[in-house]
Amino acid sequence: MTVQTGIQPISAARRAKDRLVQVLVYLAFALAVIPLLSVLWLVVKNGIGRLDMEFLTHSMRNIGARDAGGGAYHAIIGTLEQVLLASLIAVPIGLLTAVYLVEYGEGGRLSRIISFFVDVMTGVPSVVSGLFVLAFWILVLGMPFSGFAGALALSILMMPVVVRSAEEMLRLVPRELREASYALGVPKWRTIVKVVLPTAFTGIVTGVMLAVARVAGETAPLLLTVFITDSINNDPFNGPQMGLPLYVFDQAGRPTDTAINRAWTGALTLILIVMLLNLVARLITWWRSPARRR
Amino acid sequence: MRRSAFRRSRGDGPFRFASTGAGIVLLAIMAAIGVFLVVKAVPALQANTSHFLTELTWQPNATEPVFGIGALAFGTVLSSLLALVIATPVAVGVALFISHYAPRRLASVLGYVVDLLAAVPSVVYGLWGVTFLVPFMLGPSKFLNDYLGWIPLFGGDTVVGKSMLTASLVLAIMILPIIAAISREVFLQAPKMQEEAALALGATRWEMIRMSVLPFGRPGVISAAMLGLGRAMGETIAVALIFPATFKISFQILGPYGNSIAANIANGFGEATEVGRGALIASGLVLFLITLLVNMAARFVIARRKEYARAAA
């Protein structure tokens, strides 16, 4: 074995390998961004044409696949109602579970089991949550297809996301705040309600909005629980409704150009809603903690 | 812990009860999913005149119902594995780019751009896939068939755009952000001391990554890939629009074959009879069990290592 002294220059082979990997890594990033740009470009290009007042204020009632015109008003109303109902179910349960995991569970057996299954629940396929609501709510309990049934399915998908983000935010609340409150003789539950939750409030709101953005685009669970209709149905508890993702799926399945164009415009509307929610969530985080960003 | 340090207040009991109860509701929902899928699947399985696990055809709506999970399970597994093979190397590259190559100031913005891929709803990928990618893939598919046709995967006499390959490509795009996000978190947590030691000894950037970042991150990348696999198997609407919906087992990924459990549920639900719905629920139960196993395995790998605690969220 030869003993090398002093600093040796890096050999050409090693330098070339380093360069090659660098190029590959940059290429990988470019490769990941291309489909995103392609999707966004085509959605905007094909969708902008029909994004007019008629689209936003009319339903598809009495409009065939070949007819021009028609809109997604019924689908937009449906999506808003379904997502709102899903949030009303998922946010309290998710938030309380996070409070349990952070404040009460501390390392106990039950909290470890719940924490593990929250993770597993994140991986439940959306179509399975739809099948569950179909089997339980519609087939066993005999309830009708409705927006509310869809909201139940969406809430199952929302819960684990809300739990995880709220848990993370609650853990960021400094221990000293809780201890100061205990030292003043404030009971634990009032400390949680009056000190811990308000401190973590913006972070929790961000997490909820990201969860809403995630389920607003879900199609499969709605297909099995909300069914499909071309008419306006403002009552989420009775009868089939529509949802924006369902609308896109339905129109994309019809083999005419007018229908495909409506699907693109529906997709554009959906992406705008989801991106807006994402953006607002990020802005809240950014505005709240500029110093914590790396 | 701190429980005995102060006197219990009267409000504490109910609040503790409510939050514990919420956690138990979550567990109950997971159990109920399994129970009710079984309850509605059993009558259909009893009406089945063939063997559910081995039968390939799917005709549950006939007067003599014949259906089985065989071809659907095969399609689900093959398409997801293909997606994984395509997505993982790219995702690791993206993760390395953001954690070790991109300029610091840009890194978080670029990471957000990749996360945006995950924010696009699956039905939009489906629409994009069926109107743009399907015709687009015809050329490359023909090329693969012409020059690499001797490989069984690319073989076959008919080459179409609506193929297993196109569906897997869309799946790969959809699972890329989750694999990239978790790998990135893991790579960022690689011990800085080791990285600097490697650089101080004269290692190039790639040698440093190979010696200190990749060995540290390997279990994290593996579980990220498994989470991606679980997601690919459950993905429904995008592939429902692309798969040609056949019930045949074929390894020819460029041919007009392909279907998956989830896609079949979305496509078959509209005209399903009572037995038909039960059959779809039975197939959903199989999907639920497979994804449950994959996810639990992935979570187990992450949970074993304390350093990954942050990435697991």
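Just so you know, all these numbers are worked out from the coordinates, no wet-lab data involved. Since we're looking at a predicted model, the values are computed, not measured. Positions of Cβ are generated from backbone atoms using ideal geometry, with glycine treated the same way; all protein chains shown enter the neighbour counts.
Taking the Cα centre of each part, how many Å lie between the range A:113-156 and the range B:179-212?
If you average the Cα positions of each part, the centres end up 42 Å apart.
So what are the range A:148-187's ellipsoid semi-axes, whole angstrom, largest first, if each one is the square root of 5 times an eigenvalue of the alpha-carbon gyration tensor? Can you show the working numbers first?
Working: eigenvalues 236, 30, 4 Å².
For the range A:148-187, the ellipsoid semi-axes come out as 34, 12, 4 Å.
Kirkwood hydrodynamic radius for the range A:23-145: how many Å is it when counted over pairs of different Cα atoms?
19.7 Å
So, by mean Cβ neighbours within 10 angstrom, what's the order for A:248-258, A:60-70 with the highest one leading?
On the way: A:248-258: 19.4, A:60-70: 14.6.
Descending mean neighbour count gives A:248-258, A:60-70.
Would you look at the GNM of chain A, springs on alpha carbons closer than 10 Å, and say which of A:76, A:260, A:34 moves the most?
Taking springs between Cα atoms under 10 Å, the residue moving most is A:34.
Under a cut-off of 18 Å between alpha-carbon atoms, report the aspartates and glutamates in cross-link reach of residue A:188, not counting same-chain residues fewer than 8 places apart.
A:103, A:106, A:167, A:176, A:179, B:12
Taking only the alpha-carbon atoms of chain A, what semi-axes of the equivalent ellipsoid follow from 5 times the gyration tensor eigenvalues under a square root, in whole Å, largest first? Spell out each step's value before the answer.
Numbers: eigenvalues 326, 229, 67 Å².
Equivalent ellipsoid of chain A: 40, 34, 18 Å, largest first.
Averaged over peptide A:98-105, how many Cβ atoms belonging to another chain are found within 10 Å of each residue's Cβ?
Details: counts 3, 7, 9, 3, 1, 3, 8, 3.
Per residue, the number of nearby Cβ atoms from other chains is 5 on average.
Which value, in debye to the nearest 20, gives the size of the charge dipole of the range B:47-308 about its Cα centre, when Lys and Arg are +1 and Asp and Glu are -1 at the Cβ?
Details: 16 positive and 13 negative charges, 170 e Å.
Charge dipole of the range B:47-308: 820 debye, to the nearest 20.
Summing -39500 (n - 2.57) over the DSSP H runs of n ≥ 4 in the protein assembly as shown and dividing by its residue number, what mean residue ellipticity at 222 nm do you reach, to the nearest 500 deg cm²/dmol? Mind showing how you got there, number by number?
Working: 24 runs with 401 residues, N = 607.
Helix contribution divided over all residues of the protein assembly as shown: -22000 deg cm²/dmol.
So how far apart, in nm, are the two label points at residue A:56 and residue A:11 if each is 7 Å from Cα heading toward Cβ?
Those two pseudo-labels are separated by 6.6 nm.
Averaged across the residues of B:26-36, what count of C-beta atoms belonging to other chains lies within 10 Å of each residue's C-beta? Present the calculation step by step, with values, prior to reporting the outcome.
Numbers: counts 13, 8, 0, 10, 8, 1, 4, 10, 1, 3, 9.
Mean inter-chain Cβ contacts per residue within 10 Å come to 6.
Which of the peptides A:82-95, B:131-144, B:280-293 is most tightly packed, and how do the rest follow, going by the mean number of other Cβ atoms within 10 Å of each residue? Don't jump to the answer; show the numbers that get you there.
Details: A:82-95: 21.4, B:131-144: 16.2, B:280-293: 23.3.
Ranked by mean Cβ neighbours within 10 Å, highest first: B:280-293, A:82-95, B:131-144.
Just grab the label-to-label distance for residue B:272 and residue B:113, each label 7 Å out from Cα along the Cβ direction, in nm (one decimal).
Computed distance between label sites residue B:272 and residue B:113 equals 4.2 nm.
To the nearest 0.05, what FRET efficiency results for residue A:201 and residue A:106 with a Förster distance of 22 Å applied to their C-beta separation? Please list the in-between numbers first.
Values: r = 22 Å, r/R0 = 1.02.
Step by step, r from the Cβ atoms, then E = 0.50.
Amide H of residue B:59: which non-local residues (sequence gap of 5 or more, or other chain) have their own amide H closer than 5 Å, using H built in the peptide plane?
B:66, B:67, B:68
Using the Cβ atoms and a cut-off under 14 Å, what net charge is assigned to the surroundings of residue A:67, where Lys and Arg are +1 and Asp and Glu are -1?
On the way: positive: A:50, A:61, A:66, A:254, A:262; negative: A:54, A:230, A:257.
Taking every other residue near residue A:67 into account, the sum is +2.
Could you compute how fast the protein assembly as shown diffuses translationally, taking Rh as the Kirkwood radius over C-alpha pairs and applying Stokes-Einstein at 10 °C with viscosity 1.306 mPa s? Give it in µm² per second. Could you put the intermediate results ahead of the total?
Values: Rh = 25.8 Å.
Roughly 62 µm²/s, to the nearest whole number.
Work through the residues other than residue A:19 whose Cβ is under 15 Å from its Cβ and net out their charges, Lys, Arg +1 and Asp, Glu -1.
Details: positive: A:14, A:15, A:17, B:205, B:210; negative: A:18, B:207.
Within the 15 Å Cβ shell, the charges total +3.
Could you size up the charge dipole of chain A around its Cα centre, putting +1 on the beta carbon of Lys and Arg and -1 on that of Asp and Glu, and report it in debye to the nearest 20?
On the way: 25 positive and 17 negative charges, 260 e Å.
Rounded to the nearest 20 debye, it is 1240 debye.
For A:277-285, what's the mean count of beta carbons from other chains sitting within 10 Å of each residue's beta carbon? Present the calculation step by step, with values, prior to reporting the outcome.
Working: counts 1, 5, 1, 0, 0, 2, 0, 0, 0.
Average per residue, whole number: 1.
Using the Karplus curve 6.51 cos²θ - 1.76 cosθ + 1.60 with θ = phi - 60°, work out ³J(HN,Hα) for each residue of the range A:103-115 in order, rounded to whole Hz, and write x for Gly and Pro.
9, 10, x, 3, x, x, 5, 4, 5, 5, 5, 4, 4
Within chain B, how many lysine pairs that are 8 or more places apart, or on different chains, have C-alpha atoms less than 22 Å apart?
Details: B:142/B:162; B:142/B:248; B:162/B:248; B:192/B:306.
Total qualifying Lys-Lys pairs in chain B comes to 4.
What order do you get for B:175-186, B:196-207 when each peptide is scored by the mean count of other beta carbon atoms within 10 Å, highest first? Provide the component values of the computation, followed by the final result.
Details: B:175-186: 25.5, B:196-207: 15.5.
Taking the mean over residues of other Cβ atoms within 10 Å, the ranking is B:175-186, B:196-207.
Considering the options B:114, B:65, B:153, tell which one lies farthest towards the positive end of the dipole of the range B:64-172, charges being +1 on Lys and Arg and -1 on Asp and Glu at the Cβ, about the Cα centre.
It is B:114.
For every other residue with a beta carbon closer than 15 angstrom to the beta carbon of residue B:78, add +1 if it is Lys or Arg and -1 if Asp or Glu, then tell me the sum.
Working: positive: B:248; negative: B:235.
Neighbour charge sum, excluding residue B:78 itself: 0.
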